[in-house]
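What follows is a single structure, written as structure tokens, with notes after it.
Rule-based calculations on the coordinates, nothing more; no lab input. Bear in mind that the values here come from a model prediction, so they are computed numbers and not experimental data. All Cβ positions, glycine included, derive from the backbone under ideal geometry; neighbour counts span all protein chains shown.
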Amino acid sequence: MRVGYFSPLPPTRSGIADYSALLLPALQKRVDVVPVGRRRRLGPRDIDVRLYHVGNNPDAHGWIVDTLRKKPGVVVLHDFVLHHLVAGLTVGRGDGHGYLDAMEREGGVVGRLLGHGVLDKRIPPLWESRPEAFHLAGEVLDLATGLIVHSRYVERRAREAGYEGPVWRIPHPAWEVPAVAPAPLDGSPLIGSFGNVNASKRIPQLLEAFARLRRERPDARLLLVGAVSPGFDLDRRLQRLGLSEEGIVREAYVEEDRLWSLMAACDVCVNLRSPTMGETSGSVIRQLSLGKPVVVSDVGWFSELPDDVALKVPVDAQETETLYAALELLARDEAARGAMSAAALELVRREHDLDRTAELYVAALEQALGGDAVSEAVLGDVARAAAEVGIGAGSAEATELARRLAEVELGR
Amino acid sequence: MRIAVCSPQVPFERGGAELLAERLTFELKAHGHDADLVTIPFKWYPGSRILSQAFLWRLVDLEEADGRPVDLVIATKFPSYVIRHPNKVVWLVHQFRQAYELDRTDLGQFSDEPTDRALRRSVHSLDRIALGEARKLFAISGNVADRLERTLGLQAEPLLPPPQELPYRTDSYDDFVLSVNRLDRAKRIDLLLEAAALDPSLRVVIAGDGPDRERLESIARERGLDGRATFAGRVGDAELTELYATCLAVYYAPVDEDYGMVPYEAYRAEKPVVTTADAGWVTVAVEDGRTGLVTEPRAAAIAEACGWLREHLDEAKAYGRAGREVSERITWGHVVERLLS
């Protein structure tokens with residue numbers, strides 16, 4: 001089996017490029033994989049299966065969707081909400097009609113009218129203000145001959161969007177923990193937050209909860225690693241909450257080794273977000289690999305983390321209060337942190353092992369390549385036997401047969 | 001409790017899995033339950049027939065029989081666990097091994113053609129769904145449980161079946177090594193014959209029958225083992241008991257074996273077991289230097305191990321006695337208690 005692998009790769013700075021850099025070598029040990037970049041975007045001709053990594057960033061994934069349109073294949077859907085990607089492929093290329101069509105396809109006339117509002121600059125761009133309201137994944141789903149997802153959440157959303165093809169759920173693989181020493185940072189506890197500093201990462205709620213924690217635990221420190229998004233006035237917020245420089249440690253973009261070192265220094269890692277685009281967090285995977293207790297928003301993939309590795313904070317009116325309670329619990333209870341750490345390491349060993357992930361990819365690709373023939377053969381066998389004893393299509397018995405087949409995912 | 005024990009059957013063939021299902025049914029009855037054995041013929045070729053045949057189990061309605069509820073189903077071997085029941089317990093004898101560790105070996109079934117590769121994956125998928133539905137998962141050995149976790153990420157509790165009931169006894173430690181097994185390639189009886197070829201004083205008795213018999217007899221002839229290698233064929237209980245009672249040791253070294261009753265039968269007759277380091281679960285059942293010898297999978301190493309036992313009869317007897325203690329701890333009472341827990 002020869003696989004064409006369409007994905008951004010380092011030095012592109014993206015979570016999906018990092019993901020592919022991790023997965024590709026493990027996959028290449030098992031099957032013949034040809035990485036395809038934007039310069040040879042169609043890839044070689046003798047490819048048996050095409051594997052397209054699709055995320056929400058138009059700069060990194062626009063060319064991949066262009067190729068997908070020409071040659072459908074298996075799509076790894078890293079984000080479910082693709083509004084930003086579709087905006088880049090349409091509005092970003094001067095194709096306003098394309099954007100209107102995409103909006104109408106999903107939102108009907110209302111969607112089209114909203115699209116006009118965006119193009120006429122009467123309302124803010126929806127891909128920035130309310131991307132989750134219109135996922136715009138329809139075209140990619142139409143073109144996908146199979147879907148690989150990382151979470152039940154994305155699988156469910158894809159089904160709700162009408163996708164009927166095969167779906168394989170494959171956990172995000174974990175990186176091998178590098179031999180780096182924890183960064184020498186004070187803090188008891190030291191709480192880390194990694195990623196862009198903005199409202200969708202719930203930084204305002206985190207700062208408020210942390211400020212309250214610090215009033216009772218003056219030794220607590222908050223490590224904020226990541227660039228501050230434009231328009232997010234972090235300094236003013238810190239000032240208003242009375243968070244002195246001593247309470248906060250800030251670093252902007254950091255290289256991989258430094259990232260691990262900073263994570264290793266933390267007692268607790270906080271990973272909040274809302275809305276979710278259906279993404280999986282490579283940052284959380286790294287933290288779990290280090291055995292760190294994590295606090296997450298109770299949304300999307302994050303909700304699916306086992307309860308013994310993550311404290312989940314619902315995004316509701318009590319969000320800050322719940323977050324404070326979670327931080328307070330973890331600051332106070334060393335045994336709880338220890339139990340969460342052990343559970344995290346076990347989860348990574350069991351679910352996120354790189355070799356296991358690569359095996360699951362090979363399984364999915366093999367099914368993508370030969371699965372239809374197998375399904376047809378099984379259906380043929382069953383249908384022939386049914387017809388021989390007078391069970392016709394549309395009868396109650398045939399419906400029962402179809403239901404039983406579906407239960408065990410045979411004859412799709 | 002009304003319990004249905006589910007096991008596939010290959011018409012005109014009987015092996016360890018069939019015996020186990022029958023015995024389990026018997027023991028459930030002996031423990032006061034209303035148990036019955038439910039079987040469906042199974043054919044795993046050609047092509048996708050394996051899936052359509054497995055699917056037959058999905059159509060069976062065992063929630064009740066003759067108007068009375070069936071409280072529990074205990075499924076044993078692929079594909080019987082595809083059955084649908086609200087209270088399904090699986091005591092896994094083994095998955096369809098050709099789709100797993102035997103794939104791309106001489107014993108495999110699926111070619112490199114895309115349809116065959118996909119077919120193999122569909123077997124995995126079916127297993128994941130059907131086994132994942134079970135209220136409880138047990139495996140007949142740690143080997144089977146480990147493979148299940150490794151391949152499908154499902155966890156099962158190892159629960160060893162006791163050996164068949166025979167009037168085991170210990171008469172003597174004569175000069176022959178006994179093999180009790182179905183004669184097929186995976187059981188690796190040819191290694192024992194090659195060992196006998198290397199050690200002119202080694203005598204072997206091979207009990208059992210199967211598709212590899214002709215090849216094995218030909219090896220024995222070519223190596224000039226006439227008189228030192230006896231093919232006893234399929235033997236009855238009395239003869240088997242006699243062979244166990246009088247042999248020096250028992251050889252048992254299938255490739256990556258999941259479970260076999262032979263080591264524990266040998267132990268009941270206080271006989272040590274010779275096996276190889278790549279024999280899977282058997283290397284757990286045989287404690288090297290305590291209940292038998294674990295050697296490299298080479299004829300010379302097996303010949304040496306058999307020779308050593310003959311030269312060190314006291315140790316051979318002590319190993320057998322230690323094995324008996326181990327074997328007697330594995331009881332049907334425990335099996336029934338766990339399966340119904």
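Rank the residues A:MET1, A:MET263, B:MET1 as a footprinting-exposure proxy: fewest other Cβ atoms within 10 Å of their Cβ go first.
Ordered by Cβ neighbours within 10 Å, fewest first: B:MET1, A:MET1, A:MET263.
Measure nothing fancy, just the Cα-based angle from helix B:313-328's long axis to the longest principal axis of chain B, in degrees from 0 to 90, nearest 10.
So the helix axis and the longest Cα principal axis differ by about 10 degrees.
Would you please give the FRET efficiency between B:LEU19 and B:ASP174, computed as 1/(1 + (r/R0)^6) with r the Cβ-Cβ distance and R0 = 22 Å, to the nearest 0.05?
Values: r = 27 Å, r/R0 = 1.23.
So the FRET efficiency works out to roughly 0.20.
Give the Cα extents of region B:1-151 along the principal axes, in whole Å, largest first.
Here the Cα extents, ordered largest to smallest, are 49, 31, 30 Å.
So for the protein assembly as shown: antiparallel DSSP bridges make up what percent, rounded to the nearest 5?
Close to 0 percent.
Nearest 10 degrees is fine. How inclined is helix A:334-351 to the longest principal axis of chain A, computing both from alpha carbons?
Taking the Cα atoms of chain A, the angle to A:334-351 is about 30 degrees.
Pairs of alpha-carbon atoms within less than 8 angstrom and 6+ residues apart define the contacts here; what relative contact order does chain A have, in percent?
Working: 677 pairs, mean separation 59.5, N = 412.
14 percent.
Could you tell me what percent of the DSSP beta bridges with both partners in region A:2-169 are antiparallel, to the nearest 5?
0
Size of the dipole of chain A about the Cα centre, Lys and Arg at +1 and Asp and Glu at -1 on the beta carbon, nothing else charged, in debye to 20?
980
Helix-derived [θ] at 222 nm for the protein assembly as shown: sum -39500 (n - 2.57) over DSSP H runs of at least 4, divide by residue count, nearest 500? Mind dumping the intermediate values first?
Values: 28 runs with 334 residues, N = 753.
Taking each H run of at least 4 residues, the total per residue is -13500 deg cm²/dmol.
Using a Förster radius of 56 Å, what is the FRET efficiency between A:GLU376 and A:ARG240 based on their Cβ-Cβ separation? Nearest 0.05, please.
0.30
Around A:TYR52, under 12 Å between beta carbons, what's the net of Lys plus Arg minus Asp minus Glu among the other residues?
On the way: positive: A:ARG41, A:ARG50, A:ARG69, A:LYS70, A:LYS71; negative: A:ASP66.
My count for the surroundings of A:TYR52 gives +4.
Measure nothing but the geometry: give the 0 to 90° angle between the long axis through the Cα atoms of A:396-407 and the longest principal axis through the Cα atoms of chain A, rounded to 10°.
That helix lies at roughly 40 degrees to the long axis.
About the Cα centre, and with charges only on the beta carbon of Lys, Arg (+1) and Asp, Glu (-1), how big is the dipole of region B:61-149? Nearest 20 debye, please.
160
Would you tell me the mean number of C-beta atoms belonging to other protein chains that fall within 10 Å of each C-beta in A:354-363, as a whole number?
Mean shielding by partner chains, rounded to a whole number: 2.
Please work out, to two decimal places, the log10 of the ratio I(q)/I(0) at q = 0.13 Å⁻¹ from a Debye calculation in which every Cα of chain B carries one identical scatterer.
The Debye formula, applied to the Cα set alone, gives -1.01.
Specify which residue in the list B:LEU19, A:LEU290, A:LEU213 is farthest towards the positive end of the charge dipole of the protein assembly as shown, using unit charges on the beta carbon of Lys, Arg (+1) and Asp, Glu (-1), about the Cα centre.
A:LEU213
What shape does region A:190-351 take by its C-alpha gyration tensor, where a ≥ b ≥ c are the square roots of the eigenvalues and a/c under 1.5 counts as rounded, a/b above b/c as prolate, and the rest as oblate?
Rounded.
Which of the peptides A:208-218, A:108-118 is most tightly packed, and how do the rest follow, going by the mean number of other Cβ atoms within 10 Å of each residue? Mind showing how you got there, number by number?
Numbers: A:208-218: 18.6, A:108-118: 16.0.
My ranking of the peptides, most packed first, is A:208-218, A:108-118.
With contacts defined as alpha carbon pairs under 8 Å and 6 or more residues apart, what's the relative contact order of region A:2-169 in percent? All intermediate terms of the calculation are to be shown ahead of the outcome.
Values: 263 pairs, mean separation 33.0, N = 168.
Computed over region A:2-169, the figure is 20 percent.
Return the distance in nm (one decimal) between the two label points of a simple spin-label model at B:LEU340 and A:HIS97, each offset 7 Å from Cα along Cα→Cβ.
The two pseudo-label positions are separated by 7.5 nm.
Please compute the net charge surrounding A:GLN239, taking Lys and Arg as +1 and Asp and Glu as -1 over other residues with Cβ under 11 Å from its Cβ.
Its environment carries a net charge of 0.
Sort B:THR241, B:THR276 so the one with the fewest other Cβ atoms within 10 Å of its own Cβ comes first.
Taking fewest neighbouring Cβ atoms as first place, the list is B:THR241, B:THR276.
Once the Cβ-Cβ distance between A:ALA199 and A:ALA342 is put in as r, and R0 is 22 Å, what FRET efficiency do you end up with, to the nearest 0.05?
Working: r = 34 Å, r/R0 = 1.54.
According to the calculation, E is roughly 0.05.
Taking H as built 1.01 Å from N, whose amide H comes closer than 5 Å to the amide H of B:PHE176, not counting residues under 5 places away?
B:LEU248
Which one of A:ILE123, A:GLY108, A:GLY15 has its Cα pushed farthest toward the positive end of the charge dipole of region A:2-169, where Lys and Arg give +1 and Asp and Glu give -1 at the Cβ?
Projecting each Cα onto the dipole axis, the largest value belongs to A:GLY15.
Greater than 26 Å separation of Cα atoms is the criterion. Which listed pairs, B:LYS29/B:LYS77; B:LYS77/B:LYS187; B:LYS187/B:LYS271; B:LYS136/B:LYS187; A:LYS29/B:LYS187; A:LYS70/A:LYS121, meet it?
B:LYS136/B:LYS187; A:LYS29/B:LYS187; A:LYS70/A:LYS121
Quick one: Karplus J couplings for region A:97-112, per residue in order, coefficients 6.51, -1.76, 1.60, θ = phi - 60°, nearest Hz, x for Gly and Pro?
4, x, 5, 4, 4, 5, 5, 5, 4, 8, x, x, 5, 4, x, 5
Please list the radius of gyration and Dmax for the protein assembly as shown, considering alpha-carbon atoms only, with Å as the unit.
So, for the protein assembly as shown, Rg and Dmax equal 31.3, 99 Å respectively.
Order these by the 10 Å Cβ neighbour count, fewest first: A:VAL31, B:VAL82. Don't jump to the answer; show the numbers that get you there.
Numbers: A:VAL31 16, B:VAL82 29.
So the residues, fewest neighbours to most, are A:VAL31, B:VAL82.
To the nearest 20 Debye, how big is the dipole of region B:16-111 about its Cα centre, given +1 on the beta carbon of each Lys and Arg and -1 on that of each Asp and Glu?
For this selection, approximately 360 debye.
Compute the Cα gyration tensor for region A:2-169, then decide on rounded, prolate or oblate, letting a ≥ b ≥ c be the square roots of its eigenvalues: rounded whenever a/c is under 1.5, prolate when a/b is larger than b/c in the other cases, and oblate in all that remain.
In terms of gyration-tensor shape, prolate.
How would region B:176-328 be classified by its alpha-carbon gyration tensor: rounded, prolate or oblate, with rounded meaning a/c under 1.5 and the a/b versus b/c comparison settling the rest? Walk me through the numbers on the way to the answer.
On the way: a/c = 1.40, a/b = 1.32, b/c = 1.06.
Rounded shape, in that the Cα axes give a/c under 1.5.
Summarise the partner chain shielding of A:372-380 as one whole number: the mean count of Cβ atoms from other chains within 10 Å of each residue's Cβ.
6
Given B:MET261, B:THR275, B:THR291, which one lies farthest toward the positive end of the charge dipole of region B:249-293, if we put +1 on the Cβ of every Lys and Arg and -1 on the Cβ of every Asp and Glu?
About the Cα centre, the residue reaching furthest to the positive side is B:THR291.
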